[in-house]
Amino acid sequence: MVQLFGSDVPAIVAVMLFGEVAVFCVYLVAVLFAAVHRGKPHHYMMLAAFLTDILVFKPLMSMRAFGDVWGGYPWSGTSILRHMVLDTITLVIGIATIYLGFKYRVKRENKMFMPPARKKIHRVVGTSFIILWLVTLVVGISIFVESYLP
Ligand code: HEM
């Protein structure tokens, strides 16, 4: 257990909470890089944050949800099912964004960019991903607040 916001919280929950907030910060910085046409750092940061999320934090959360912590599917009386459905939709949109990134990127003279029409599609799908990811995070934080804070 660790002390967080005046309450005892399992250490793994604190790791997930701060880890997901850090992933979101990296997403925001990566979007800023794209906005100033720094395609290369944008693509590395997006891939690193996305992979860290789906290979580390989401498996940790799923292990807790499918373990005995919340009483099993459909986790009555909690927002866990909503959180998972949102997360699955977001995952699919994230994969689509990455696919479009690789499909439409142009590499020239050690730079990476996208022709305007192609960038528009990638930007719309990518922005939807970021917004849905944030909504999923907010639902996750609300589960944390309801479960652990007084
Ligand atoms: C989930 C992952 C990703 C998200 C959410 C995302 C989101 C975005 C957004 C919102 C923009 C437009 C920014 C703006 O013009 O204001 C953008 C541009 C761009 N993205 Fe991504 N992206 C992702 C992954 C990737 C990947 C994997 C690549 C390359 C393989 C990539 C390559 C690019 C490039 C080259 C641009 C244009 C940069 C420029 O203006 O020169 N993106 N992305």
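None of the figures in this text is laboratory data; all of them are computed from the coordinates on show. Model, not experiment: these values are computed from the prediction. Note that each Cβ is placed from the backbone with ideal geometry, even for glycine, and that neighbours are counted across all protein chains shown.
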Computed over the chain, the relative contact order (Cα-Cα under 8 Å, seq sep at least six) in percent reads 27 percent
Where the Cα pairs of segment 45-114 fall when distances are cut into 10 Å bins, in %
16, 38, 24, 13, 7, 1
Residues GLU109 and LEU134, FRET efficiency given R0 of 25 Å [Cβ-Cβ distance, rounded to 0.05]
0.10
Do any of LYS40/LYS103; LYS58/LYS119; LYS58/LYS120 go past 20 Å between their Cα atoms, and which?
LYS58/LYS119; LYS58/LYS120
Counting only residues 5 or more apart in sequence or on a different chain, those whose built amide H sits under 5 Å from that of MET112 are GLY39, LYS40
Dipole size in debye (nearest 20) for the chain around its Cα centre, Lys and Arg Cβ +1, Asp and Glu Cβ -1?
1220 debye
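Using the Kyte-Doolittle scale, find the helices of the chain whose mean hydropathy is at least 1.0 and whose Cα atoms extend 20 Å or more along the helix's long axis, counting only whole DSSP H runs.
Helices meeting the span and hydropathy rule in the chain are 11-35, 80-104, 116-148.
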Log entry: pair-distance distribution for the chain, C-alpha pairs binned every 5 Å from zero, whole % per bin is 2, 9, 17, 21, 16, 12, 9, 7, 5, 2, 1, 0
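Segment 1-59: D in µm²/s via Stokes-Einstein (Kirkwood Rh, Cα pairs, 10 °C, 1.306 mPa s)?
Numbers: Rh = 12.6 Å.
This corresponds to a translational diffusion coefficient of 126 µm²/s.
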How large is the Kirkwood hydrodynamic radius of segment 99-150, in angstrom, based on all distinct alpha carbon pairs?
13.5 Å
